[in-house]
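The values are calculated or read from the model by the stated rules, or taken from the named source; none is laboratory data. All of these numbers come straight from a predicted model, not from anything done at the bench. Note that each Cβ is placed from the backbone with ideal geometry, even for glycine, and that neighbours are counted across all protein chains shown. What goes into the accessible areas is simple: the full protein's heavy atoms, side chains included, and nothing from ligands, DNA or RNA. Shrake-Rupley method; radii C 1.70, N 1.55, O 1.52, S 1.80 Å.
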Amino acid sequence: MRGFVYNGLPARVLFGEGSLARLGEEIGRLGLRRVLLLSTPQQGGSVAEIARALRDRAAGVFTEATMHTPVAVTERALAAVAAAGADGVVAIGGGSTTGLGKAIALRTGLPQIVVPTTYAGSEMTPILGETEGGVKTTLRNLAVLPRTVIYDVALTLGLPPALSAVSGLNAMAHAVEALYAEDRNPIVDLMAAEAIRALAGALPVIVERPSDRAMRADALYGAWLAGICLGSVGMALHHKLCHTLGGAFDLPHAETHAVVLPHAVAYNAAAAPDAMAAVAGALGAEDAAAGLAALARRVGAPTSLRELGMPEAGLERAVELALANPYGNPRPLTAAGLRALIAAAWAGAAPGGDPGQKGARR
Ligand code: NAD
């Protein structure tokens, strides 16, 4: 075995159906008296109910969490924290709500508890992406890590099937890229393969039976592991592309991951054979990229950047942006290679295939 460096990230995790009932106890465990709950506008009603159950431990609910953590929203949330006299925050929701909790923790040092309701995995990472003036910047700081994460499958039962599929593929992307990360290590490899296995088994069932609790639990478990992968090792071409495309063309986060993943994997296939074997093995497929494309199709995820709203005329700009400040990647990045990859993803062609042959090998 080759030598490696492993950095464990501190986290206290409560996993299991009904674990939300322990939120009050966890707030007490951290020595907090009054916490501000955070949510998106869409989840405000269910989070208000959770606040009521906490009685005087809840200082209120701030319901403005927004995709990509705009600094203007964070500033309003900081004012709400101060006005409520809160000594901690509880983020209940997906990556957008978790991002707001992290942004508050970064600026105030207040402890946070996160209750994830999607598969994005942000709660396991020291990464925070924020937007200001239309520009997204990403930082890494251990100060944004939650003190406690409560994974209660009951909160994921209402995640619509289409969102479950793309959110699950977003999680899978973290695990896939961890397997060929420059700083990969055998511990994270184990978690990555297990995450892919759990998600690949669960997602097709969830889109057919969204209230299947056993499969929902498997998906949440896979998402947790995938989040650890994202937080522990460096990501590569796939995450760089999604970051770039999402920012430049205002594309939806999880959907962009779902479209790009098989193409990024096909691009790297020859340069990372061990990772490809691990991905294929965990998927139960012969080929990693084709297996990921087949899974995406099976769960009804979008398959082209065109359908997500990227203009065809944006292709050259996307290539330029992807080449600027590239992340480490097993296969060197070339303009021609990236052009072919993005063109295939835009058209919904087979991964590694000819953009003129839509779905040729799917
Ligand atoms: P999201 O948090 O934006 O949620 C999408 C929508 O689904 C929202 O309207 C939300 O209210 C709703 N929703 C969430 N859970 C639900 C449920 N159980 N039932 C019904 N509706 C529900 O989406 P996301 O994909 O979880 O997060 C995306 C954001 O997270 C992006 O801004 C992305 O950059 C960030 N992210 C950050 C990291 C990190 O490590 N920093 C990792 C992954 C994602």
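This table checks each residue for (1) touching an Asp or Glu at 6+ places or on another chain (Cβ under 9 Å); (2) in a helix (DSSP H, G or I); (3) without any contact (Cβ under 8 Å) to a residue 24 or more places away in the chain.
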position	(1), (2), (3)
Gly101	yes, yes, no
Ala120	no, no, no
Val166	yes, yes, no
Ala171	no, yes, no
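Mind listing just one residue for me: the one in segment 172-191 that is of a type in the set (Asp, Glu) and open to solvent by 10 Å² or more (accessible area, probe 1.4 Å) and, of those, nearest to the ligand (Cβ to nearest atom)?
The residue in question is Asp183.
Where residues in segment 64-83 are within 16 Å of the ligand (Cβ to nearest atom) and closer than 17 Å to Gln112 by Cβ, which of them is surrounded by the fewest Cβ atoms within 10 Å (Cβ to Cβ)?
Glu64
Which ones in segment 98-146 are within 17 Å of Glu26 (Cβ to Cβ), touching a strand residue (DSSP E or B) at 6+ places or on another chain (Cβ under 6 Å) and within 12 Å of the ligand (Cβ to nearest atom)?
Thr98, Gly101, Val114, Val115, Thr117, Glu123, Pro146
Hey, any hits in segment 247-265 for a residue that's within 30 Å of Glu132 (Cβ to Cβ) and touching a strand residue (DSSP E or B) at 6+ places or on another chain (Cβ under 8 Å)?
The answer is yes; a qualifying residue exists.
Does any residue in segment 133-149 that is at positive phi come within less than 9 Å, Cβ to Cβ, of a residue that is modelled with pLDDT of 95 or more six or more places away or on a different chain, and which pairs are these?
Note: pairs meeting the criteria are Gly133/Val71.
Examine segment 20-31 for a residue that is modelled with pLDDT of 95 or more, of a type outside the set (Lys, Arg) and under 26 Å from His253 (Cα atoms), and state whether such a residue exists.
Looking through segment 20-31, none of the residues is modelled with pLDDT of 95 or more, of a type outside the set (Lys, Arg) and under 26 Å from His253 (Cα atoms).
So Val61 clears everything in (1) within 13 Å of Ala91 (Cα to Cα); (2) away from the ligand (no atom under 15 Å from the Cβ); (3) in contact with a helix residue (DSSP H, G or I) (Cβ under 7 Å, 6 or more places away or on another chain); (4) without any contact (Cβ under 8 Å) to a residue 40 or more places away in the chain except one condition, right? Which one?
(2)
Is it true that Leu159 is modelled with pLDDT of 95 or more and outside any helix (DSSP H, G or I)?
It is true that Leu159 is modelled with pLDDT of 95 or more and outside any helix (DSSP H, G or I).
Going by the structure shown, is Ala236 crowded, with 24+ Cβ neighbours inside 10 Å, under 22 Å from Ala340 (Cα atoms) and not polar (S, T, N, Q)?
yes
Taking segment 18-29, which residues are closer than 18 Å to Asp87 by Cα, open to solvent by 30 Å² or more (accessible area, probe 1.4 Å) and in contact (Cβ under 8 Å) with a residue 40 or more places away in the chain?
Arg29
If a residue must be more than 24 Å from Trp346 (Cβ to Cβ) and either assigned by TED's automatic domain parsing to the domain that holds Met67 or open to solvent by 50 Å² or more (accessible area, probe 1.4 Å) (or both), how many such residues does segment 249-288 contain?
So the count comes out to 6.
Considering only residues that are at pLDDT 95 or above, open to solvent by 10 Å² or more (accessible area, probe 1.4 Å), under 21 Å from the mean Cα position of the chain (by Cα) and within 22 Å of Met235 (Cα to Cα), which ones fall in segment 305-330?
Asn329
Give the residue that is nearest to Ile150 (Cα to Cα), with candidates limited to residues of segment 30-50 that are away from the ligand (no atom under 16 Å from the Cβ) and either open to solvent by 70 Å² or more (accessible area, probe 1.4 Å) or under 28 Å from the mean Cα position of the chain (by Cα) (or both).
Within segment 30-50, the match that is nearest to Ile150 (Cα to Cα) is Leu30.
Which numbered condition in (1) under 16 Å from Ile150 (Cβ atoms); (2) open to solvent by 50 Å² or more (accessible area, probe 1.4 Å); (3) assigned to a helix (DSSP H, G or I) is the only one that Asp56 fails?
Unmet for Asp56, out of (1) under 16 Å from Ile150 (Cβ atoms); (2) open to solvent by 50 Å² or more (accessible area, probe 1.4 Å); (3) assigned to a helix (DSSP H, G or I): (1).
So is Ala192 in a helix (DSSP H, G or I), outside the structural domain of Glu49 (by TED's automatic domain parsing), among the small types (Gly, Ala, Ser) and closer than 24 Å to Ala277 by Cβ or not?
For Ala192, the condition - in a helix (DSSP H, G or I), outside the structural domain of Glu49 (by TED's automatic domain parsing), among the small types (Gly, Ala, Ser) and closer than 24 Å to Ala277 by Cβ - is met.
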